[in-house]
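One structure is given here, and the rest of the page talks about it.
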């Protein structure tokens, strides 16, 4: 293993008391998602990975939360000759201008960062055809001086940022086949939440294609943590009872209240602390403030809505970034889109909702749903079309 990657931590640096725990979980997440041969060296400010294919591993690291920056670096001894020679060897000869930025982590080093940058820049000018441009250089030569050696690099890949998945505990994501909920799951993981997913299917009203679509969405989300589980709820009986027993305009309200009840019960079963969903204020009838208040009334568990204040275009931009958009727009209906009445209530009355629910024994049906949940833990690394 003769290549070296340097990782700069994300928001871990703001958590002084918990930094060791955060770094430990970040290390575990890296070990779970990277399959190639490697060796990790870490301290409170940096992590280094020795490997044989730094470029390939760097791209995988970009999906791991808790990382601010990723650079392929070169380590040399703390003397000008070695630093100069290595710097000249890695600087792209097709570029014309450069700038040196020095960080002196070893405060006992006798030369200041500014002075070191000036001296090294002067040596590069004397020994090459490069010119200095401190405002808009073609190359930024980064020098980090530490006790064990000097690290040199010219490029930095942007990391995913946020906190390592798992530092905040577990949440249960109410995952549909739409655009919003996968984005909500991604944003929750970015804040350190380990997620499991709950999907409501209603065969024969929903198809196997719709189920496979959600499996693919879960597999894409799983690329950011490596430990996502997908729990599939058989929702047909409840949905049919709602269709038979409840007024058309209240069907969506009652359906969502049932989903929240099931989600809360199952979240407690798997020791999840919160529910997460892709609700965005005002986007559909069930997501007006009045509807959300009426629906949310059935649970005491905290409900996190990461995209609540985003508009649709903002959500779509993130979906494209995380590669869920093309799957989400495939034309297969889930149980949230079947049996949709022409005029769903947008200001539901709580007492009416409670009264309509009494038309059927939903507690028994909820227990039946939970007892028959199917759980998927291994996702094939295949595209959606190959899962059909």
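The values are calculated or read from the model by the stated rules, or taken from the named source; none is laboratory data. Since we're looking at a predicted model, the values are computed, not measured. All Cβ positions, even for glycine, are placed from backbone atoms using ideal geometry, and neighbour counts span all protein chains on display.
Brief remarks on what is shown
- Tally, over the stretch 266-286, of residues that are under 20 Å from residue 197 (Cβ atoms), part of a helix (DSSP H, G or I) and in contact with a helix residue (DSSP H, G or I) (Cβ under 9 Å, 6 or more places away or on another chain): 3
- Extreme residue, nearest to the chain's Cα centre (by Cα), among residues of the stretch 93-111 that are surrounded by fewer than 12 Cβ atoms within 10 Å (Cβ to Cβ) and within 26 Å of residue 47 (Cα to Cα): 107
- Residue 166 vs. criteria outside any helix (DSSP H, G or I) and either more than 23 Å from residue 313 (Cβ to Cβ) or not assigned by TED's automatic domain parsing to the domain that holds residue 379 (or both): yes
- Set 314, 368: member being surrounded by 12 or more Cβ atoms within 10 Å (Cβ to Cβ), within 26 Å of residue 269 (Cα to Cα) and at pLDDT 95 or above: 368
- If the condition is being part of a loop (DSSP other than H, G, I, E, B), within 24 Å of residue 234 (Cα to Cα) and either in contact (Cβ under 8 Å) with a residue 40 or more places away in the chain or outside the structural domain of residue 259 (by TED's automatic domain parsing) (or both), then the stretch 325-343 contributes 329, 330, 332, 333, 334, 335, 336, 338, 339, 340, 341.
- Of all residues in the stretch 296-322, those satisfying the criterion of being farther than 17 Å from residue 272 by Cβ and outside any loop (DSSP other than H, G, I, E, B) are 312, 313, 314, 315, 316, 317, 318, 319, 320, 321.
- Residue match in the stretch 54-67 (condition: in the same structural domain as residue 38 (by TED's automatic domain parsing), assigned to a strand (DSSP E or B) and touching a strand residue (DSSP E or B) at 6+ places or on another chain (Cβ under 8 Å)): yes
- All positions within the stretch 92-114 that are in contact (Cβ under 8 Å) with a residue 40 or more places away in the chain and out of contact with any helix residue (DSSP H, G or I) (no Cβ under 8 Å at 6 or more places or on another chain): 92, 95, 96, 97, 105, 106
- Any hit, the stretch 263-274, residues being assigned by TED's automatic domain parsing to the domain that holds residue 347, in contact with a strand residue (DSSP E or B) (Cβ under 9 Å, 6 or more places away or on another chain) and modelled with pLDDT under 95: no
- Pairs with Cβ under 7 Å, 6+ apart, first in the stretch 137-161 and on the phi > 0 side of the Ramachandran plot and modelled with pLDDT of 95 or more, second surrounded by 16 or more Cβ atoms within 10 Å (Cβ to Cβ) and in a strand (DSSP E or B): none
- Output for the stretch 344-366, where each listed residue is over 16 Å from residue 201 (Cα atoms), in a helix (DSSP H, G or I) and in contact (Cβ under 8 Å) with a residue 12 or more places away in the chain: 350, 352, 353, 356, 357, 362
- One residue alone among 181, 225 is assigned by TED's automatic domain parsing to the domain that holds residue 321, in a helix (DSSP H, G or I) and in contact with a strand residue (DSSP E or B) (Cβ under 8 Å, 6 or more places away or on another chain), and that residue is 181.
- Total residues in the stretch 115-130 satisfying the condition of being exposed (fewer than 12 other Cβ atoms within 10 Å of the Cβ) and either in contact with a strand residue (DSSP E or B) (Cβ under 7 Å, 6 or more places away or on another chain) or assigned to a helix (DSSP H, G or I) (or both): the figure is 1.
- Members of the stretch 184-194 that are in a loop (DSSP other than H, G, I, E, B) and surrounded by fewer than 24 Cβ atoms within 10 Å (Cβ to Cβ): 192
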